[in-house]
Amino acid sequence: MAGLAAGVPAFAQTTESVAGLTRVQDESPLLLQADELVYDRDRESVAAVGDVQLDYGGTRLVARRVIYNQRTARMVAIGNVEIVQPDGTRVFADEIDVTEDFADGFVNALRIVTPDKTYIAAENAVREGGTTTTFGHGVYTACEPCRERPEKPPLWQIKAQRVIWNGEEKTIRFEKASFEFFGMPIAYLPVFTTADPTVKRKTGFLMPGVRYSQELGFGLAIPYFIALAPNYDLKLTGTGFTRQGGLGEATFRHRTENGLYTITAAGIHQLTPEAFDPITQDSTHVNRAMIGTTGKFKINPRWTFGWDVLAQTDKNFSRTYDITGFSDLVQQNEVYLTGLGDRNFFDARVMQFDVQESDPDGAGRDAQQPWVLPSIDYNAVTSRPVAGGELAFNVNARGISRDIADQRGNPADSNFATRGLRGENGRITTEAEWRRTYIAPNGVALTPILAAQADANFLDTSTFPSYSATGAALTSDDTFYRSMVTAGMEVRWPILFSSTSSVHVLEPIAQVFARPDETGSGKLPNEDAQSFVFDTTTLFERDKFSGYDRIEGGHRANVGLRYTGTFNNGWTLFGTVGQSYNLGGENPFAAPDLLNVGAESGLETDQSDFVGMFGASYNNWLRAAVRARFDETTFENRRTETEAEIHTGRFTAGAEYAFVQAQPTYGFAADRHEVTTRASVRFGENWQAFGGATYDIVNDRFSRNGIGLAYDDECFSLTLRFDQSRDNSEVQSNSFAFRISLRTLGDFGSAGTDF
């Protein structure tokens, strides 16, 4: 190859105009490589011939022949032309005729591939002013061409008589365009504009959305996005409903140096409020609106501050109109501060709960929800051993204010329960625990445990005239102090059995705790220890209650056996069985409280029910487990939960079975018995079918079921889903959802339409 490599100065010396090209853009050097260089003094042109490669200002041009004309200051590249721009965009053409600064030019048989794999092809193109390129009879798509059949049409493409790419405004405009799917035109658009594929945020209309419900009618949403600045933007959405009129929404987002906050507002003047159920508040409101805000900020690497707050004219507006970010059944309004260290954690938050249900104002669960003012948690573990062991501290404080008591049942019945008292109550708790493990010569692990807890409770309630605690009258306006000290010992003896094909570990476990009775057992408000399940996960807990409002007292022993087996063929087996014993003192799970926590839990007798768990897994594709609780005398099944999951290359399936015997004292008069299944299968290269169902065995009906179909590839995705559900009154609701996503163009569809 008799060419010029980086020694371009020789080329620059040959013609001042070519050297002048070097001065056009930030003094970048021009590098030229070719088989032959021809200079025509009569025509004042320079030609590079044969495997030409030109590098200039970060742009590389490859062609069979490149001719530069000094008179016209134009450069012509001919034959398999390829230009690679600094951002990675690749341009292919048969011939390119451009000015020396690449600002203006003409191209024949053009094809462009951008870095994010979008494609533009055209019969010809004209570049003007260095910013605008107009393509004649252009085609645009974000789908890669088929390697086996390049002539095959892409999954989707836009064909237009003219395509105008404005590099300054970062837009692509299609004129007299048709949208084709699998080569078939399905829509015609006189004018269509989208953002440059290299732009992630651009002012303009987004893809519309649709929805339907019986009360709202058919709705079409048109969103408009405004990129106000690189770090904040505004989205305005107008939705027209055939039955209720126009809904307006606005969402403002602002990202700062250390966080992000959003503000969302929405409102509507309902044209047909009577379309809603007459007994609900939805049917009484004409003008409905909301405003909500979220925020999260990193104060420093350890501390985070944030909020999530919603205010609305009625408690069900945001859910009814599916306002993004505020449509959950329970909206948890909160302001919080959290800190996370290597061995400590802090969390403080103020909370209020909105249950977005269609009940008249002043009724239903929403009016019974409390204000939490505040809830504080602090946990710390000492960095150095204390007396050779680990010392941990917990501090918890909470304040509750409620306007209406949250009660269930008739006070004269045994199943009467109070989830929350009317008025204000608060508690401050401090707790410390020390434990150290000693290993005996025979491998037995001995762990002494010492714990102490103290708290103060403050009451200003009006639900009941008085409470009786330790013989003293606890009135509705009182302060009550209690404490608990615990001394315990845990013994574990892991025994290892092994063979050439498996390893087994059998571990007997025994715990003994000595402590006084719970002070004021069951007489104080219970706000954070209402959820209680006795199984193998809580068998070896020192305090089995889920929160601080109840304290486990009395002498207790927990015994059990754990097993783990690992086999060379990929199987793993694991299991736990055990029982708990009340050795003396008052059994806290038999003592009644305002919520009847512990009733029919399996721990209310001195000898608890048996609990067990057994599971198996095979490599990474199969896992199954069963957990159960059996009566300590009759061995009757009280509770069973079974789950299984399988994963293969294309198939995933799972199933859960749950049985809970009736707990009338705890508020469940009938057995609960249901099966839940789910499955998905991929077929072909891009298709997936999925579905699931929940069957209520007691009532002999499907309470929930759904099925769906999805397609996805590098440029297109489609999801179709149908869901059906029934409530306790046999009311059936059906919902259909679909979503279409075209890469670089946006999404179109519905999150769910009811019918």
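The values are calculated or read from the model by the stated rules, or taken from the named source; none is laboratory data. Note that the structure is predicted; figures quoted are calculated from it, not measured. Cβ: placed from backbone, ideal geometry, glycine included. Neighbour counts: every protein chain shown. What goes into the accessible areas is simple: the full protein's heavy atoms, side chains included, and nothing from ligands, DNA or RNA. Shrake-Rupley method; radii C 1.70, N 1.55, O 1.52, S 1.80 Å.
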message: Relative contact order for region 306-387: what percent, with Cα pairs under 8 Å and sequence separation of 6 or more?
response: 27 percent
message: I'd like the distance between the alpha-carbon centres of region 161-223 and region 607-652, rounded to an integer number of Å.
response: 51 Å
- line: Cα extents of region 520-673 per principal axis, largest first, Å, are 56, 32, 30
- prompt: Between Thr382 and Ala669, what length in nm is gained on full extension when 0.36 nm per residue of separation is reduced by their alpha carbon distance?
  reply: 98.6 nm
message: How many angstrom lie between the Cα centre of region 249-264 and the Cα centre of region 105-145?
response: 36 Å
message: Can you order the peptides 634-643, 126-135 by their average number of other Cβ atoms within 10 Å per residue, highest first?
response: 126-135, 634-643
Protection-proxy order for peptides 243-254, 585-596, 646-657, each taking the mean of Cβ atoms within 10 Å per residue, highest first: 585-596, 243-254, 646-657
field: Gyration tensor (alpha-carbon) shape descriptor, region 642-691, a/c threshold 1.5
entry: prolate
query: What per residue convex hull volume, in Å³, do the alpha-carbon atoms of region 61-128 yield?
result: 79 Å³
- line: Taking a ≥ b ≥ c as the square roots of the Cα gyration tensor eigenvalues, with a/c under 1.5 meaning rounded and otherwise prolate when a/b beats b/c or oblate if not, region 147-201 comes out oblate
query: Rank Lys200, Lys296 by accessible area, highest first, at a 1.4 Å probe radius?
result: Lys200, Lys296
field: Added length on full extension, which subtracts the Cα-Cα distance from 0.36 nm per residue, Gln332 to Glu123
entry: 69.5 nm
query: Once you measure Cβ to Cβ distances between cysteines in the chain, which Cys have no partner under 4.7 Å?
result: Cys146
message: What does the extension gain come out to for Asn166 and Ile291, with contour length at 0.36 nm per residue minus their alpha carbon separation?
response: 41.2 nm
- prompt: Can you give the calculated 222 nm mean residue ellipticity of the chain, where each DSSP H run of n ≥ 4 adds -39,500 (n - 2.57) and the sum is split over every residue, rounded to the nearest 500 deg cm²/dmol?
  reply: -500 deg cm²/dmol
task: Label region 194-316 by shape, choosing from rounded, prolate and oblate, from the square roots a ≥ b ≥ c of the eigenvalues of the Cα gyration tensor; if a/c is under 1.5 it is rounded, and otherwise prolate applies when a/b is larger than b/c, oblate when it is not.
output: oblate
Ranked by how many other beta carbons lie within 10 Å on average, peptides 87-99, 495-507, 520-532 from highest: 520-532, 87-99, 495-507
- request: Report, to the nearest whole %, how much of the accessible area of the chain belongs to carbon and sulfur atoms, 1.4 Å probe, protein only.
  value: 56 percent
query: Binning every alpha carbon pair distance of region 185-235 at 10 Å from zero, what are the percents per bin?
result: 19, 37, 30, 14, 0
statement: In vacuo Debye sum over C-alpha of region 543-607, base-10 log of normalised intensity I(q)/I(0) at q = 0.14, 0.16 Å⁻¹, listed in q order, is -0.54, -0.63
task: Using only Cα positions of the chain, each an equal point scatterer, no hydration layer, compute I(q)/I(0) via Debye at q = 0.08, 0.09, 0.10 Å⁻¹ and quote the log10 values to two decimals.
output: -0.94, -1.07, -1.20
field: Where Trp434, Trp371 fall by accessible area, highest first, once all protein chains stay in place (1.4 Å)
entry: Trp371, Trp434
Lys, Arg +1 and Asp, Glu -1 on Cβ, resulting dipole of the chain about Cα centre, debye, nearest 20: 1100 debye
- request: Please work out the average accessible area per residue across region 561-623, using the 1.4 Å probe convention, and give it in Å².
  value: 44 Å²
